[in-house]
Each structure stands twice: as structure tokens, then as C-alpha cells.
Amino acid sequence: MSKQVIAAAAAGLLFGFGLILSGMTDPAKVRAFLDITGQWNPALAFVMGGAILAALPAFAWARRRRTTLAGAPLSLPDRTLIDARLVGGAALFGVGWGLSGLCPGPALVVGSSGSLPVLVFVAAMALGLLLSRRFLAPRASTLA
């Protein structure tokens with residue numbers, strides 16, 4: 001097994017464990033965070049803040065490197081343009097997140113339990129990914 005596969009599996013397991021530990025695999029908890037006029041639960045804000053604090057040193061380190069720890073080429077996104085495609089994708093993500101209480105990471109974790117509604121969500125998410133790759137032209141990698 002390659003170093004990249006082992007690193008990806010370890011990162012995925014760590015991420016999944018963190019989602020479970022923080023309670024972010026509970027759609028009700030996520031919807032409670034989004035319900036600012038009702039029984040608002042700020043737990044997700046603390047999880048996001050912790051993730052940002054953990055990611056900052058990693059991104060600073062990555063900016064100084066040309067390769068990953070496994071030796072693969074490393075490039076960070078360089079796009080800053082806010083266009084209709086970005087806004088539309090963000091809106092679609094937000095509506096799906098608000099309605100279901102799940103985003104891709106937690107959906108995969110919860111889907112591993114065999115929950116039929118979550119498996120339908122994951123299948124719809126995969127179909128959306130395939131359709132976007134089929135019908136949307138890839139973006140240029142340079143700044144617009």
C-alpha cells in the first residue's frame with residue numbers, strides 16, 4: 001500500500017473520529033446551530049473555531065513546501081474570484097446542509113452505519129458530483 005493511501009486513510013479516520021467526538025454527526029445538533037431564532041446551540045461554532053486553530057499552522061507549513069510528507073506535489077488553491085458558480089455552489093451546499101443537517105464528511109461517517117436516509121443523501125451527493133464533472137467545464141487554475 002502506498003504512503004499516500006495510508007496517509008489519506010489515517011487522515012480520514014482522524015477526521016471521522018473528530019466528527020463523532022464533537023457530535024457533528026448528529027443532524028439535530030447541526031440544525032440547532034443554524035436555528036438562530038429558536039433553540040440555538042453554539043457547539044458547531046466552537047468545533048469550527050477549533051478546526052481553524054488546528055489548520056492554521058498546517059497551512060502555514062504547507063505554504064513553505066513543494067511536496068506533501070508522502071512526496072506528492074503540493075499546491076494550494078490560488079483563486080480569489082467570487083463568481084456565479086461559486087455563489088451557486090455555496091447556496092446549494094447551504095440549503096442541503098440546512099435541510100438535512102449533514103454535509104459530506106459527517107454524511108459519510110453516519111452513512112457507514114447503514115442509515116437509509118443518509119445513504120440516499122450520500123448517493124444524491126455522489127450523483128451531483130458526477131453530474132457537475134460531466135456538465136461543468138473545469139476551472140482554470142490561474143487567478144481570474
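Could you list, in sequence order, all residues of the range 105-121 that are assigned to a helix (DSSP H, G or I) and farther than 13 Å from residue 25 by Cβ?
Within the range 105-121, the first condition is being assigned to a helix (DSSP H, G or I), and the residues that meet it are 105-111, 116-121.
116, 117, 119, 120 - these are the residues of the range 105-121 that are assigned to a helix (DSSP H, G or I) and farther than 13 Å from residue 25 by Cβ.
To keep it simple, each residue is scored yes or no on (1) loosely packed, with under 10 Cβ neighbours inside 10 Å; (2) at pLDDT below 90; (3) under 30 Å from residue 120 (Cα atoms).
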residue	(1), (2), (3)
46	no, no, yes
56	no, no, no
70	no, yes, no
78	yes, yes, no
87	no, no, yes
91	no, no, yes
97	no, yes, yes
101	no, yes, yes
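Between residues in the range 112-131 that are without any contact (Cβ under 8 Å) to a residue 60 or more places away in the chain and residues that are open to solvent by less than 60 Å² (accessible area, probe 1.4 Å) and not aliphatic (A, V, I, L, M), which pairs lie under 7 Å by C-beta distance while being six or more apart or on different chains?
118/111; 119/111; 121/100; 122/111; 125/104
Of all residues being in contact (Cβ under 8 Å) with a residue 40 or more places away in the chain and open to solvent by 60 Å² or more (accessible area, probe 1.4 Å) in the range 30-44, which is nearest to residue 121 (Cα to Cα)? Just the residue, please.
Initially, the range 30-44 is screened for residues in contact (Cβ under 8 Å) with a residue 40 or more places away in the chain, giving 30-31, 34.
Among the residues that remain, those that are also open to solvent by 60 Å² or more (accessible area, probe 1.4 Å) are: 31, 34.
Values: 31: 16, 34: 19 Å.
Within the range 30-44, the match that is nearest to residue 121 (Cα to Cα) is 31.
Would it be correct to say that residue 67 is touching a residue at least 60 places away in the same chain (Cβ under 8 Å) and β-branched (Val, Ile, Thr)?
No.
Please enumerate the residues belonging to the range 1-50 that are farther than 22 Å from residue 98 by Cβ, of a type in the set (Gly, Ala, Ser) and part of a loop (DSSP other than H, G, I, E, B).
Correct list: 2 only.
Just checking, does the range 77-98 include any residue being within 16 Å of the chain's Cα centre (by Cα) and not in a helix (DSSP H, G or I)? Spell out the reasoning first.
Step one: of the range 77-98, the residues within 16 Å of the chain's Cα centre (by Cα) are 77, 86, 89-98.
Now restrict to residues that are not in a helix (DSSP H, G or I): 77.
Yes: the range 77-98 contains one or more residues that are within 16 Å of the chain's Cα centre (by Cα) and not in a helix (DSSP H, G or I).
The values are calculated or read from the model by the stated rules, or taken from the named source; none is laboratory data. Only a predicted model underlies this, so the values are computations on that prediction, with no experimental measurement involved. Quick reminder, even Gly has a Cβ in these numbers, built from the backbone with ideal geometry, and neighbours come from all protein chains shown. Ligands, DNA and RNA are stripped out before the accessible areas are found, and what is left, the full protein with its side chains, is counted by its heavy atoms. Shrake-Rupley method; radii C 1.70, N 1.55, O 1.52, S 1.80 Å.
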